[in-house]
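K.L.:
Below is a structure I'd like to ask you about.
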């Protein structure tokens with residue numbers, strides 16, 4: 001399996017991650033099937049360098065916007081400011097959207113990887129674009 005990013009999305013996510021350093025950045029992606037077309041940066045309400053949470057009001061606003069544009073909540077983005085771009089035990093424990101792709105950035109390395117929750121584990125999927 002792979003996911004495809006619309007032109008510019010990778011750069012938008014990495015730029016958001018760099019702006020938020022040293023805190024974890026986060027955001028939501030709208031898409032169709034395995035193609036992501038819209039990135040909405042969100043505020044990390046935990047203000048933490050090792051954890052993130054998106055407020056309910058931002059999630060609802062994003063879902064309304066996605067619906068208006070004919071998209072679905074397809075991806076959840078966050079960064080690991082100190083790396084690596086792979087799920088932590090906290091990420092796995094707190095993953096609550098089994099149908100979403102989880103994208104993780106390591107901004108210092110300009111790295112972006114994607115994962116899907118399967119059988120209580122995170123499995124990597126290829127990122128195109």
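The numbers here are math on the coordinates, done by the rules we state, and not lab data. Please read these numbers as outputs of a predicted model, since none were measured by experiment. With ideal geometry, Cβ positions are generated from the backbone for all residues, glycine too; neighbour counts draw on all protein chains shown.
K.L.:
Among (1) in a strand (DSSP E or B); (2) more than 11 Å from the chain's Cα centre (by Cα); (3) surrounded by 14 or more Cβ atoms within 10 Å (Cβ to Cβ), which single condition is residue 126 missing?
P.N.:
(3)
K.L.:
Select the helices (runs of 4 or more DSSP H) contained entirely in region 1-116, then report the ones holding at least 3 residues which are touching a residue at least 40 places away in the same chain (Cβ under 8 Å) and surrounded by 14 or more Cβ atoms within 10 Å (Cβ to Cβ).
P.N.:
Values: elements: 9-20, 56-68, 89-94.
Result: 9-20.
K.L.:
Let me ask something else about it. Report yes if residue 41 is touching a strand residue (DSSP E or B) at 6+ places or on another chain (Cβ under 9 Å) and closer than 22 Å to residue 80 by Cβ, otherwise no. Walk me through how you get there before you give the answer.
P.N.:
Values: touching a strand residue (DSSP E or B) at 6+ places or on another chain (Cβ under 9 Å): yes; closer than 22 Å to residue 80 by Cβ: yes.
Yes, satisfied.
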